[in-house]
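Right, one structure below, let's go through it.
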Amino acid sequence: MTGRQLWSWLAVALGGLYFLLPLVGMFDFSMRMQRGVYSFQAYRVVLADPQFQQTFGYSVALALLTIILGILLVVPTAYFVRLRFPGLRPAIEFITLLPLVIPPIVIVFGYIRIYNTSSVLPLTGSWWGTNILLLCGYAVLSLPYMYRSVDTGLRTIDIASLTEAAQSLGAGWARILAVVILPNVFVSVLSGAFLTFAIVIGEYVFAALLNVNSFGPYMVWMGGNRAYEPSALAVVAFAITWACMGLIQLFTRFSKFSTARR
Amino acid sequence: MSFLDIRHLQKSFGAHRVVKDFTLGIDKGEFVSFLGPSGCGKTTVLRMVGGFEAPTSGAVSIDGRDVTALPANRRKIGMVFQSYALFPNLTVAENVGFGLKVAGQGKAEIARRVAEMLELIGLPQLGSRYPFQLSGGQQQRVALARALAPRPEVLLLDEPLSALDAKIRVSLRDEIRRIQRDLGITTIFVTHDQEEALSMSDRVVVMHQGVADQIGTPFEIYNRPATRFVAEFVGTLNLIDADLVDAAAGHIRLAGVPVTLDRASPGRAGERISLALRPETVTLGRGGGDIVLPGRIAEVHFLGPVIRVRVSVEGGGSIALDTFNQADRLPPLIGAPVDISMSHRDLLVLAA
């Protein structure tokens, strides 16, 4: 091994340690619930907790709905901006990036101010209304990731020619979007969807301020009241996020008509 | 009234008029090419016929039905694009069957028609492949089959051969023409390649700056170009200056030699006029016609079957001519003195 290689490996190892050590420590701590024994007891307790099952199930359902709303919102927008109003692209891109600049707490305060019980549209006053607000808020939070990945996907296909080809064969807009455009940006939509899933599953600020009992507030509550279980929960949350990332990689690589393999 | 009727079509993008008053009638089953350089408006006219661009004014009707206001998906038009535009997520068979599925036909009928179309383009075994697994030529055949499958009333081809290499281009153009004849489908073919336009078409429309400069059979377009642009754009051409002696009688002096034209010439006595002459109408040596000009060989280009020779004429100027290659005769030598001859009937007086 040459000196230069040695330094490279050392840099990689240091970086790896920086990221992995806290995780290893957390995992190690989560395994020590039973005194003197290395066990998955903390995980068993957490997974058996009805509160966990309820909040986690709720967050998963909300994440899936957010993904559907995001797709319905973003795919047609990105498509028509590219096809008909390319001049608007910088403006739309700026708007979709705003959620990264404006903190969620500002957005949720805005929601509460506009839709409180004494407003014209008192969404915060009912269970349904609160859920709709939460869903819309999460769709906004996921915009930067969803829009960018879909827009990148659209760039790789000749949407103008594909659209005109479909039109000349008699297809209307709904069919063009569903049968021609969406399947061809499916991999990009999926990566946007997994990122959205990872964001929504652990989100705290929106849920706490709208007083919704989802997985994020549950994790925080657990962290304040228990010793070992929060570490187990954090490991579970990490595993979910990483699984999402892994799935993005997997789908990108094994898409059967991938343009990358041409 | 023609089957496909294009009347006074105009199109402006902002202040820029791309198509200026384009009128054309196309008969059922006719193959018409729009030929012209890029930016001449040929593709814009095609896109207006297809419904992808709305005309600023004018009308398009198909079989007596005014389609000017109809969206593209209700015009019953098949379109083939330069970039193939096959749907990457669908197999060849699904691509070809797309239009039939949109039309709501049954599975069995779609399968039958797809098989028939794949047979027609000579790729019956490729139905289950994806577009990225095909060569450019195969993709364009599939695109043609896809456009034809729903039995459109008009077929529009937008430079379909431009992205292909030379050999495939020639074989595919013969195939497109054969299929078009077999099906008897009314077709507009847009191209900037004069050889494609001349070899495939019943009629050619030569377009220039948004106007149809000339509409005629390939024979007419090539041999009797109506404008200077058509003469220069279609085929290679010698442009020779001559002095007008008597306009009404058609007397001129060409490189000092008196010549009488078939027709009266525009202009007045003493003016310089431009004459056009195709290289293949000039003969090396005497015996090629009533006009004989002495000169010297200036350039020789060996092109295979044809040798293109440029001769400096003694009276001034130079004339290119084509002569067939013969294996037992060496090409002419540069600098050698030579006579060239031509017929006065082949001289075209060009309008400015």
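Residue under question is residue B:94, and the condition is that it be within 29 Å of residue B:133 (Cα to Cα), more than 13 Å from chain A (Cβ to nearest Cβ) and not basic (Lys, Arg); does it hold? No, not satisfied. Condition (residue is outside any loop (DSSP other than H, G, I, E, B) and either within 26 Å of residue B:227 (Cα to Cα) or of a type in the set (S, T, N, Q) (or both)) applied to the range B:325-336: is it met by at least one residue? No, the range B:325-336 contains no residue that is outside any loop (DSSP other than H, G, I, E, B) and either within 26 Å of residue B:227 (Cα to Cα) or of a type in the set (S, T, N, Q) (or both). Residue by residue through the range A:223-243, note down the ones that are touching a residue at least 40 places away in the same chain (Cβ under 8 Å) and under 15 Å from residue A:203 (Cα atoms). Answer for the range A:223-243, where residues must be touching a residue at least 40 places away in the same chain (Cβ under 8 Å) and under 15 Å from residue A:203 (Cα atoms): A:233, A:234, A:236, A:238, A:240, A:241. Taking the range A:200-233 as the range and being over 15 Å from residue A:105 (Cα atoms) and surrounded by fewer than 18 Cβ atoms within 10 Å (Cβ to Cβ) as the test, the residues that pass are A:213, A:220, A:221, A:223, A:224, A:225, A:226, A:227. Looking at (1) modelled with pLDDT of 90 or more; (2) open to solvent by 40 Å² or more (accessible area, probe 1.4 Å), which is the one condition that is false for residue A:195? Only one criterion in (1) modelled with pLDDT of 90 or more; (2) open to solvent by 40 Å² or more (accessible area, probe 1.4 Å) is unmet by residue A:195, namely (1).
Can you spot a residue in the range B:13-26 that is within 14 Å of chain A (Cβ to nearest Cβ), buried (at least 22 other Cβ atoms within 10 Å of the Cβ), on the phi > 0 side of the Ramachandran plot and without any contact (Cβ under 8 Å) to a residue 40 or more places away in the chain? For the range B:13-26, residues within 14 Å of chain A (Cβ to nearest Cβ), buried (at least 22 other Cβ atoms within 10 Å of the Cβ), on the phi > 0 side of the Ramachandran plot and without any contact (Cβ under 8 Å) to a residue 40 or more places away in the chain: absent. Taking helices (runs of 4 or more DSSP H) as the structural unit, those lying wholly within the range B:122-208 and holding at least 2 residues that are β-branched (Val, Ile, Thr), open to solvent by 50 Å² or more (accessible area, probe 1.4 Å) and over 17 Å from residue B:26 (Cβ atoms) correspond to B:166-183.
Just checking, does the range A:141-153 include any residue being within 28 Å of residue B:142 (Cα to Cα) and among the basic types (Lys, Arg)? Scanning the range A:141-153 turns up no residue that is within 28 Å of residue B:142 (Cα to Cα) and among the basic types (Lys, Arg). Only one of the numbered conditions (1) surrounded by fewer than 17 Cβ atoms within 10 Å (Cβ to Cβ); (2) in contact (Cβ under 8 Å) with a residue 60 or more places away in the chain; (3) in contact with an Asp or Glu (Cβ under 6 Å, 6 or more places away or on another chain) is violated by residue B:38, and that is (3). Number of residues in the range A:146-192 that are free of Cβ contacts under 8 Å to residues at least 12 places away in the same chain, over 20 Å from residue B:78 (Cα atoms) and crowded, with 18+ Cβ neighbours inside 10 Å: the value is 0. List every residue pair whose Cβ atoms lie under 6 Å apart, where the two residues are 6 or more positions apart in sequence or sit on different chains, the first residue falls within the range A:34-48 and is open to solvent by 90 Å² or more (accessible area, probe 1.4 Å), and the second residue, located anywhere, is assigned to a loop (DSSP other than H, G, I, E, B). Hits for this filter: A:38/A:31.
Can you pull out every residue in the range A:140-187 that is within 17 Å of the chain's Cα centre (by Cα) and within 13 Å of chain B (Cβ to nearest Cβ)? The answer is A:186, A:187. Taking (1) open to solvent by 10 Å² or more (accessible area, probe 1.4 Å); (2) at pLDDT 95 or above in turn, residue B:89 satisfies each apart from (2).
Somewhere in the range B:51-73, is a residue in contact with a Lys or Arg (Cβ under 8 Å, 6 or more places away or on another chain), open to solvent by less than 20 Å² (accessible area, probe 1.4 Å) and under 30 Å from residue B:129 (Cβ atoms)? No. Among residues that are in a strand (DSSP E or B), open to solvent by 30 Å² or more (accessible area, probe 1.4 Å) and in contact (Cβ under 8 Å) with a residue 12 or more places away in the chain, residue B:239 is included. For residue B:210, the conditions (1) on the phi < 0 side of the Ramachandran plot; (2) assigned by TED's automatic domain parsing to the domain that holds residue B:141 all hold with the exception of (1). Filter the range B:191-234 for residues that are aromatic (Phe, Trp, Tyr) and within 13 Å of the chain's Cα centre (by Cα); which is farthest from residue B:41 (Cα to Cα)? Here the residue is B:219. Looking only at residues in the range B:98-119 that are open to solvent by less than 30 Å² (accessible area, probe 1.4 Å) and at the interface with chain A (Cβ under 10 Å from one of its Cβ atoms), which one is farthest from residue B:76 (Cα to Cα)? Top of the filtered list is B:98. Can you confirm whether residue B:267 is without any contact (Cβ under 8 Å) to a residue 60 or more places away in the chain, in a loop (DSSP other than H, G, I, E, B) and within 27 Å of residue B:174 (Cβ to Cβ)? Judged against the criteria, residue B:267 is not a match. Here residue A:124 fulfils each of the conditions (1) without any contact (Cβ under 8 Å) to a residue 40 or more places away in the chain; (2) under 19 Å from residue A:207 (Cβ atoms) apart from (1). Being in contact with a helix residue (DSSP H, G or I) (Cβ under 9 Å, 6 or more places away or on another chain) and away from chain A (no Cβ under 14 Å) holds for only one residue in B:71, B:55, B:88, and it is B:55.
The values are calculated or read from the model by the stated rules, or taken from the named source; none is laboratory data. The structure displayed is predicted, hence computed values, not measured ones. Because the Cβ atoms are built from the backbone with ideal geometry, glycine has one as well, and the counts that use them run over all protein chains shown. Surface accessibility is based on the protein's heavy atoms, side chains included, excluding ligands, DNA and RNA. Shrake-Rupley method; radii C 1.70, N 1.55, O 1.52, S 1.80 Å.
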